[in-house]
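Peer 1: Here it is, the structure in full.
We did not get these values from a lab; they are worked out from the coordinates using the rules stated. From a predicted model like this one, the values you see are computed outputs, not experimental measurements. Cβ: placed from backbone, ideal geometry, glycine included. Neighbour counts: every protein chain shown.
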Amino acid sequence: MSTPILGYAAQSAQDNLEPYRFERREPRADDVVIDILFCGVCHSDLHQARNDWANSVYPVVPGHEIIGRVISVGSSVTRFKAGDQVGVGCMVDSCQHCEPCHHGLEQYCVEFPTFTYNGTDRHDHAPTYGGYSEKIIVSDKFVLKVPDGLDLAGAAPLLCAGITTYSPLRHWKVGKGSKVAVVGLGGLGHMALKLAKALGAEVTLFTRSADKEQDARRLGADNIVISTDDAQMAAVNSRFDLIIDTVPYVHDINPYMPTLNISGTLVLVGYLGPLDPFLNSAPLVLGRKSVAGSLIGGIAETQEMLDFCGEHGITSDIEVIKIQEINEAYERMLKSDVKYRFVIDMASLKA
Ligand SMILES: NC(=O)c1ccc[n+]([C@@H]2O[C@H](COP(=O)([O-])OP(=O)(O)OC[C@H]3O[C@@H](n4cnc5c(N)ncnc54)[C@H](OP(=O)(O)O)[C@@H]3O)[C@@H](O)[C@H]2O)c1
Ligand SMILES: [Zn+2]
Ligand SMILES: [Zn+2]
């Protein structure tokens, strides 16, 4: 028997999110049934609700920073039991047999991973609906263990903002002695500061917002550079080994290239699409510099990140909201008016 669920959905790119009733599948042998306690609000939720990537299939029930408690498990599940505190991130399935899947890179599955929302289930071909809802049913391979001792609401954003910034930090081998910069102090940006600092790097924030300086220092930044100030930009010439650029919309990345050291990399995790203005290749060629991209992280790496956060006591800085406040939260996120992640207390759905 399928499970009736109450959630919040956008019915079109122009509509606000409103209550929406739908069914979740009958649990399979490998499924974990999760009561959702908290769900973070990622800028991707807004992109998808408003069809910014031209691939939204409505209704869209967003939410991929999910923290919950296990209600029940299927007959073949051994890693989880009722009562466990668990997380679900951006993916709920992948092919499990391609080369990337074999290497724990399910996010780059050649058959495309099944995303937590706006995806299609690989078995019954039903649409996937995300965490702005009461419960979710997920194959055990894609369920994460949340370390004891972490604040559950603050841990929710680790499932996307955390792993999306941890993965490039690890891929580019950031550690003691590394010089890392982060562009944009929002959900991803503030996690990047905390994680880079905890990995031992010297950390710089590039921001348009001078009023974020104090917060940035508290979050782990050793230096703050106002990206619109040419003198400040020039002062960090040839400085960084890695720049993580979290800006969600098209923007000029050329001014950041001189701030990379020889062989440095600027990795885009925010904006998806053609660059405008064009990227000037000269600083790349003359300094063996790279521009790269990175998508979330694999499941094993997500567990590694959660365990790392457990050991270092790292969670997100959050503003807890009721689900009824979600549309206002989206407007505030568009104005960069959030410190630094909204998290929905899903108990409000029952209010
Ligand atoms: N690659 C992935 O796997 C992945 C995963 C999750 C999210 N994302 C994407 O990453 C992006 C960031 O997400 P988020 O949740 O961190 O967003 P967010 O909380 O809204 O933060 C974005 C930050 O970027 C800066 N910014 C915003 N608009 C800007 C503009 N037009 N020009 C320059 N700077 C701007 C602001 O920081 P300042 O005020 O400091 O300048 C803002 O706080 C989104 O596009 C999201 O879809 C990608
Ligand atoms: Zn996200
Ligand atoms: Zn695969």
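Peer 1: Order of 135-147, 184-196, 333-345 by packing, highest average Cβ count within 10 Å first?
Peer 2: Working: 135-147: 20.9, 184-196: 28.6, 333-345: 19.1.
Ranking, from highest mean packing down: 184-196, 135-147, 333-345.
Peer 1: So which lysines pass the test for LYS179, namely a Cα distance under 27 Å, with those fewer than 8 places away in the same chain ruled out?
Peer 2: Once the sequence-local lysines are set aside, what remains near LYS179 is LYS194, LYS197, LYS212, LYS289, LYS339.
Peer 1: List the aspartates and glutamates whose Cα lies under 15 Å from the Cα of LYS135, skipping any in the same chain that are fewer than 8 positions away.
Peer 2: Correct list for LYS135: GLU23, GLU26, ASP31, ASP35, GLU65, ASP84, ASP345.
Peer 1: So, counting K/R as plus one and D/E as minus one, what does the shell of residues with Cβ under 9 Å around ARG122 add up to?
Peer 2: Local net charge: -4.
Peer 1: Using only the Cα atoms, what convex hull volume per residue in Å³ does the stretch 87-241 have?
Peer 2: Spelled out: Cα convex hull of the stretch 87-241, divided by residues, is 155 Å³.
Peer 1: Can you pull the one-decimal nm distance between simple spin-label points at THR78 and ALA126, each 7 Å off the Cα toward Cβ?
Peer 2: Result: 2.8 nm between the two label points.
Peer 1: To the nearest 20 Debye, how big is the dipole of the stretch 161-293 about its Cα centre, given +1 on the beta carbon of each Lys and Arg and -1 on that of each Asp and Glu?
Peer 2: Numbers: 13 positive and 11 negative charges, 117 e Å.
In debye, rounded to 20, the stretch 161-293 gives about 560.
Peer 1: Rule-of-thumb check for the stretch 232-328: C-alpha Rg over 2.2 N^0.38 Å?
Peer 2: Working it through for the stretch 232-328, the quotient is 1.39.
Peer 1: Provide the convex hull volume over Cα atoms per residue for the stretch 48-141, in Å³.
Peer 2: 114 Å³
Peer 1: Along each principal axis of its Cα atoms, how long is the stretch 104-183 end to end? Whole angstroms, biggest number first, please.
Peer 2: 49, 34, 24
Peer 1: Any idea how far apart ALA347 and THR3 come out in nm if each label point goes 7 Å out from Cα toward Cβ?
Peer 2: 2.0 nm
Peer 1: Of the peptides 46-59, 201-214, how do they stack up when ordered by the mean number of other Cβ atoms within 10 Å, highest first? If you can, show how the numbers build up before the last one.
Peer 2: On the way: 46-59: 16.8, 201-214: 19.1.
Answer by packing, highest mean first, reads 201-214, 46-59.
Peer 1: Sticking with this one: Once you have the Kirkwood Rh of the chain from its Cα pairs, apply Stokes-Einstein at 25 °C and 0.890 mPa s and quote D in µm²/s. Could you put the intermediate results ahead of the total?
Peer 2: Details: Rh = 20.6 Å.
Result for D is 119 µm²/s.
Peer 1: Hey, another quick one. Sorted by packing (mean other beta-carbon atoms within 10 Å per residue), highest first, where do 254-266, 16-28 land? Show your work: numbers first, answer last.
Peer 2: Values: 254-266: 18.3, 16-28: 15.0.
Packing proxy ranking, top to bottom: 254-266, 16-28.
Peer 1: Ok, one more. Taking only Cα atoms, what is the 0 to 90° angle, nearest 10, from helix 299-312's long axis to the longest principal axis of the chain?
Peer 2: The angle comes out near 70 degrees.
Peer 1: While we're looking at this one, here's another question. With the dipole of the stretch 242-351 worked out from charges on the C-beta (+1 for Lys and Arg, -1 for Asp and Glu) around the Cα centre, which of ALA347, LEU295, ILE253 lies farthest toward the positive end?
Peer 2: Projecting each Cα onto the dipole axis, the largest value belongs to ILE253.
Peer 1: Within a Cβ distance under 9 Å of VAL343, other residues only, what is the Lys/Arg minus Asp/Glu net charge?
Peer 2: Working: positive: ARG341; negative: GLU65, GLU319, ASP345.
Once positives and negatives cancel, what remains is -2.
Peer 1: Using only the C-alpha atoms of the stretch 161-293, find the volume of their convex hull and express it per residue in Å³.
Peer 2: 94 Å³
Peer 1: In the neighborhood of LEU275, defined by Cβ-to-Cβ distances under 13 Å, what is the net charge if each Lys or Arg adds +1 and each Asp or Glu adds -1?
Peer 2: Numbers: positive: none; negative: ASP245, ASP252, ASP276.
Result for the neighbourhood of LEU275: -3.
Peer 1: Please get the size of the charge dipole for the stretch 78-210, origin at its Cα centre, with Cβ charges of +1 on Lys and Arg and -1 on Asp and Glu, quoted in debye to the nearest 20.
Peer 2: 660 debye
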